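Read the structure below first, then the notes.
The values are calculated or read from the model by the stated rules, or taken from the named source; none is laboratory data. What you are looking at is a predicted structure, and each value in this text was computed from that prediction instead of being measured. Note that each Cβ is placed from the backbone with ideal geometry, even for glycine, and that neighbours are counted across all protein chains shown. What goes into the accessible areas is simple: the full protein's heavy atoms, side chains included, and nothing from ligands, DNA or RNA. Shrake-Rupley method; radii C 1.70, N 1.55, O 1.52, S 1.80 Å.
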Amino acid sequence: MQILIDSLRFLFPRMPRPGRGRALGRTLIVLALVLPQMAGAAPAALWYAAPAKDWYEALPIGNGRLGAMVFGRPSDELLQLNEQTLWTGGPAAPNPNPDAPKYLQPVRDALFRDDVGAAVGLLKKMQGPNTQMYQPLGDLLIKQHFGGAVVNYRRELDIGNAIATTAFEADGVRFERSVFASAPDQLIVVNLTSSKPGALDFDLSNGHELAFRREVNVAPNAPAELVFRAKARIGSDERRDPKPLVFTDDAVCNGMRYEWRTRIIENDGRVHALADGLAVRGASKVTLAISAATSFSGIGNCPDKDGRNESAAVDAYYAAAAGLGHAELLRRHVADYKKYFDRVELALAGPAAPEAPIDERLKRYKAGRPDTGLEQLYFQFGRYLLISSSRPGGFPANLQGIWNHLIRPSWRSNYTTNINLQMNYWPAEMTNLAEMTEPLIAHIGRMAANGTVTAKNYYGMRGWAVHHNSDLWAQTNPVGEGRGDPKWANWSLGSPWLSQHLYEHYRFSGDKRYLRDVAYPLMKGAADFCLDWLTERDGALVTAPSTSPENVYLHPTGFKAAVTVASAMDMEIIWDLFTNLIEASKALGTDRDYAAMLEKKRAMLSPLRIGRKGNLVEWYGDWEDADPQHRHVSHLFALHPGRQISPLLNAPYAAAARKTLELRGDGGTGWSKAWKINFWARLLDGDHAHKVYQELLRESTLNNLFDTHPPFQIDGNFGATSGIAEMLLQSQLNEVHLLPALPSAWAAGGKVRGLVARGAFEVGMVWSKGRLVSATLSSRMGNRVVLRSSEKIRVAGMRVKSTSVGADGRAYYLTSFATVKGKTYRLSVP
């Protein structure tokens, strides 16, 4: 028995201590039955038996700022590199369309007389320039020389330590390459070894689609290095570099400079220069350190004339890591990474898939064979990607995180703010990666600064506005250049949606200083814009113009249209912002009059309506969709990520949301399926959430587990990770709901630890046969907790009462008690 207890305590460190009587005994028995079925608590690696055929099979590594896609080719290794601030263009123009304000009232007048065509034409006259594009840094090529055929090949990405490894044998010699991106030392490190002394021979070269300058430096008493210097394209839309762009009256920008170097920092062989690179001969171990920097010096500075010295920045990164060899660089990297990644563990009971490469497992899964281990791996892979692409002090993850090999990436690889940027950060707080939201919060501040100018210059309004697209430069104007379809180009409610993330960070952390100094002022600015944007019609406050992003309706008179008045999504986003501000005002004890005004305005918002099909009405009228299964389901914002609709709050609207999803269907692009996982979890339907999750893996997942729109968009990875967490824990209604949407496929048993609930609680749970067995709750701020569960709850060392309540046709128990900051509470089921 003691051996069992010790083994269980190793896997479940917060398990109740011996001496707790029958509850402990039952827990031990259940765990003893469940554990042998677990798919594995430790995060497995993504491994493959063949090199990547293309970029979509390569493996990503990153430290937030630097990224690389590793192909794992034995003789012609390719690392495609990125740096977070390498974009085209320069500072956003403050007023690129001075005529825009004069069209707003005519647009509204046209809509109110139901002349949608006229409104569309006028809206195009209000558009401004498109955003800039995220750019690739370049390619590092490692041409390795060896004799004989390659055997015993394996490449893998260890997401528990953030290391990509390629290993193989040739002519009796084992070769290995490992790659990691160090956040502490801001370097990408490549280590090459051979099992036979002196058998490691390779050449290094670099390349890029655009023109660049190469230097090869081999000198006595200095590390050998291969240098790459270039300048990004000036603009984003031209197929060749255009004339310099004028961003302000006195700011002429000619593109961003950038530099990266590959330096040999450890080597027991010989090095000599080649015409296009470096040659290493007769080595057994070689370590390369890649450093990179751009001339970016802030969103208001031209990156050429006002930019920083990128060469000096590269030198500084190397100087900071001077004297560190591979072993110490690796140790520092792993310690830094694991302090984030190891916070959360998920283990699911279920069919154990045969040991096989990920592409083979994915192929079997797509053929209908269960693989619970793959499902839990995908969850942790999403957390890995967020840690790797969004670090404090940097910029938010874009449409592809930080990984992009194209100078003309799809959708400019920018920040799309009508869903995609926000989805990137849905899992951050709840999966214990709150620090990774700092780049988003900081960039919201930048967008607010530019958005204040946009609100004034485009609409003559207060506050700040963000439209459909943004970029490194925090551009906020409506895009489209007079040609864009208003269904996406003129969408104007980015600021209230982004403000939700500001408030969610407070709800999860309880940090009132942050709320007072950062979130509240930005939220209030977004509300000021919304207050000016709203207009009264038939006694209700409406938005005009309004769209339901990227969707199209059939007008009752027979034509297709996208522009309307008071789309459901608009009303829901504004309701969410006003509600959050009212709560924030109360928490801070400030702005009572402003909050009272918001309550009155919120009551006047055009209400949600249920249509003739039982669905939630998306448009101003109960109109048909041009595409009934369109990928966007924007009008369910109130269900997720909002909190206006829930089966536990308002059953009729929850039923309408369900009907909407049934009519939309479970298909769509990768990110669309990811959103639907969250929707179904919020409807407390774990089986349907799991069904959509399965379809995302089967239909919208590439062999390297990247989500595909197609092509690759990282928001699907992050949205699915969020959806999995939502199945296990919800807290949007100011309750900590344990196992709210556990799917039957995971009901046999499982364990999760480290999830975070609003109210600043960290939660761990063990379940079996679909029922909670035990849980832990750690209080970070000492708030009172309200637990919702399907079982009565006992709290070790406390007398608590579980009150039976009914909702959504189910029986629940509410258990409430005061907590002490820093204390962990052990929960069990009688």
inquiry  = Give me the net charge for the shell around V563: Cβ to Cβ below 14 angstrom, other residues only, Lys and Arg +1, Asp and Glu -1.
reply    = -1
ask   = Which length gain, in nm to one decimal place, applies between Y514 and D76 when the Cα-Cα distance is subtracted from 0.36 nm times their residue separation?
value = 152.7 nm
query = Which of (1) 1.09; (2) 0.98; (3) 1.20 is the computed Rg/Rh (Cα atoms, Kirkwood Rh) for the structure on display?
reply = (2)
Links that overshoot a 24 Å alpha carbon limit, given the list K524/K600; K53/K143; K53/K196; K487/K691; K143/K366 = K53/K196; K487/K691; K143/K366
request  = Report ³J(HN,Hα) in whole Hz for each residue of region 487-498, in order, from the Karplus equation J = 6.51 cos²θ - 1.76 cosθ + 1.60 where θ = phi - 60°; Gly and Pro get x.
outcome  = 4, 10, 5, 9, 4, 10, 10, x, 5, x, 5, 4
ask   = Sorted by average packing, counted as other Cβ atoms within 10 angstrom per residue and highest first, what order do 107-114, 795-802, 361-368 take?
value = 107-114, 361-368, 795-802
inquiry  = If I stretch the segment between T803 and E355 completely, what's the gain in nm (0.36 nm per residue apart, minus their alpha carbon distance), one decimal?
reply    = 156.7 nm
task = With all protein chains present, calculate the accessible area of L702 using a 1.4 Å probe and round the result to the nearest 10 Å².
result = 40 Å²
Charge sum, other residues only, whose C-beta stays under 12 Å from W497's C-beta, Lys/Arg counted +1 and Asp/Glu -1 = -4
key: Vicinal HN-Hα couplings computed from phi for region 52-67 (Karplus, 6.51 cos²θ - 1.76 cosθ + 1.60; Hz; Gly/Pro x)   = 5, 6, 7, 4, 7, 10, 5, 10, x, 10, x, 10, x, 9, 9, x
query = Full extension from N217 to K102: what is 0.36 nm times the residue separation minus their Cα-Cα distance, to one decimal in nm?
reply = 35.5 nm
request  = Name all residues of region 104-127 having a backbone nitrogen under 16 Å from the label point set 7 Å from the Cα of A540 along its Cα→Cβ direction, giving them as ranges.
outcome  = 112
Integer Hz, Karplus 6.51/-1.76/1.60 couplings in order for region 654-660, x for Gly and Pro = 5, 5, 5, 5, 4, 4, 4
query = What are the residues whose amide H is under 5 Å from the amide H of S816, where those residues sit 5 or more places off or on another chain and H is modelled from the backbone?
reply = L787, K801
Theoretical ellipticity at 222 nm over the chain - DSSP helices of four or more residues, -39500 (n - 2.57) apiece, nearest 500 = -9500 deg cm²/dmol
remark   = The percentage of the accessible area of the chain (probe 1.4 Å, all protein chains present) made up of carbon and sulfur atoms, to the nearest whole number, is 51 percent
ask   = Can you work out the FRET efficiency for the pair K338 and D593, with r the C-beta to C-beta distance and R0 = 45 Å, to the nearest 0.05?
value = 0.40
task = List every residue whose amide H lies under 5 Å from the amide H of Y825, counting only residues 5 or more places away in sequence or on a different chain, with H placed 1.01 Å from N in the peptide plane.
result = L777, S778, S779
task = Please give the FRET efficiency for A320 paired with Y153, using the beta carbon to beta carbon distance and R0 = 51 Å, rounded to the nearest 0.05.
result = 0.90
key: Mean separation of Cα contacts under 8 Å, 6 or more apart, over the residue count of the chain: relative contact order %   = 12 percent
inquiry  = Give the lysines whose C-alpha is closer than 16 Å to that of K231, dropping any in the same chain fewer than 8 places away, or say none.
reply    = K243, K305
Rounded if a/c under 1.5, otherwise prolate or oblate - region 465-552, Cα gyration tensor axes = oblate
message = Suppose each label sits 7 Å from its Cα in the direction of the beta carbon; what would the A626-D171 distance come out to in nanometres?
response = 6.3 nm
The chain: Cys lacking any partner C-beta under 4.7 angstrom = C530
request  = Give me the lysines in straight-line cross-link reach of K339: C-alpha distance below 26 Å, same-chain residues under 8 apart excluded.
outcome  = K512, K751, K821, K823
message = Over region 372-473, what is the relative contact order in percent, taking alpha-carbon pairs closer than 8 angstrom and at least six residues apart?
response = 29 percent
message = Can you order the peptides 572-584, 600-612 by their average number of other Cβ atoms within 10 Å per residue, highest first?
response = 572-584, 600-612
ask   = Considering only protein heavy atoms, what per residue accessible area in square angstrom results for region 754-830 with a 1.4 angstrom probe?
value = 45 Å²
ask   = What does the highest-first list of 133-139, 275-281 look like by mean Cβ count within 10 Å?
value = 133-139, 275-281
key: Pair E481, D276: separation of 7 Å Cα→Cβ label points (nm)   = 3.4 nm
task = For a label point 7 Å from the Cα of K600 along Cα→C-beta, name the residues of region 539-572 whose backbone N is under 16 Å from it.
result = 539-541
query = Which loop-located chymotrypsin sites (Phe, Trp or Tyr not before Pro) does region 706-786 contain, where loop means any DSSP state but H, G, I, E or B and the Cβ has at most 15 other Cβ atoms within 10 Å?
reply = none
ask   = At a Förster radius of 45 Å, what calculated FRET efficiency corresponds to the Cβ-Cβ distance of D115 and E209, to the nearest 0.05?
value = 0.45
inquiry  = Taking amide H atoms as placed 1.01 Å from N in the peptide plane, list the residues 5 or more away in sequence, or in a different chain, whose amide H sits under 5 Å from that of V70.
reply    = L59, I61
